[in-house]
Amino acid sequence: VLRLVHSDHRSYNLVLAEIEFIDYLDKHGAYVSTVYKSINNQIVEKVYINEKDYFSVTAFVKGQGTRITSKHRNEVFWEELGEQIGLFHFLVKDFTPLNKRNHWQEDSLYLNAKRILLDDTTLLSKFNEISNRILSLPKTKDNYGLIHTDIHEGNIVIDNEGKFTIFDFDDSAYKHFISDIAIVIFYQFAFKEMSNKEKSENTVKILKPLLKG
């Protein structure tokens, strides 16, 4: 898979930090895409398209298998996904990158949200309240670090033997580890018509094997 990231979206250094993270996880046994090096022995190449704009170009071994369907969503799947998320968090504790990703409150997603909400004082107030609560949480090596931040079924493929590949680390940032778990739950129910009771019951069904893993 060849991926091109325009400089308007991410700088070269941020892409380099992302690919360095993926490469580290891959070399330590995590289920992520293997990174190809270029003929210049680089994991990311910068290709200019004019004097200031460029693409950061990377290549990966394509993950084998298919997208997640209802037949995959069982206790074994959730436990193995939990094991991989836990492995990501365990490995990152000893990860000393040459290039740094942003902390969550420095990322464009956060900064753009604050800008977009300027005219909606109610939402902006709630946004700031929640942000300040998260910023006040303790941060230690055991609960905070570089994470994927966007682990959902659209970013996973699974093969016939049940082994899956987690990809798309484009939003990776320094966050509390629990955010990776919250995102898994969020995407299961965010866009479905379900009662709060159904959401709670299904959350328990997923969380028990996920946390066991």
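Coordinate-derived values only; no laboratory data. Please read these numbers as outputs of a predicted model, since none were measured by experiment. Here the Cβ positions follow ideal geometry from the backbone for every residue, glycine too, while neighbour counts run over all protein chains shown.
The distance between label points at residue 51 and residue 142 comes to 5.5 nm (points 7 Å beyond Cα on the Cα→Cβ vector). Test of understanding: in a Gaussian network model of the chain with alpha carbons linked when under 10 Å, which of 55, 191, 77 would top the mean-square fluctuation ranking? Looking only at 55, 191, 77, the largest GNM fluctuation is found for 191.
Residues whose amide H comes within less than 5 Å of that of residue 173, counting only those at least five positions distant or on another chain, are 147 (H built at 1.01 Å from N in the peptide plane). Near residue 209: Cβ cut-off under 13 Å, other residues only, Lys/Arg at +1 and Asp/Glu at -1. The net charge is 0. Annotation: the antiparallel percentage among DSSP beta bridges lying fully within the chain is about 90. Straight-distance candidates among the lysines for linking to residue 71, with alpha-carbon spacing under 19 Å and chain neighbours fewer than 8 residues away dropped: 163, 192, 205, 208. Can you tell me how the chain classifies by the Cα gyration tensor, rounded, prolate or oblate, using a/c under 1.5 as the rounded cut? Oblate. DSSP beta bridges fully contained in the stretch 93-202 are about 90 percent antiparallel.
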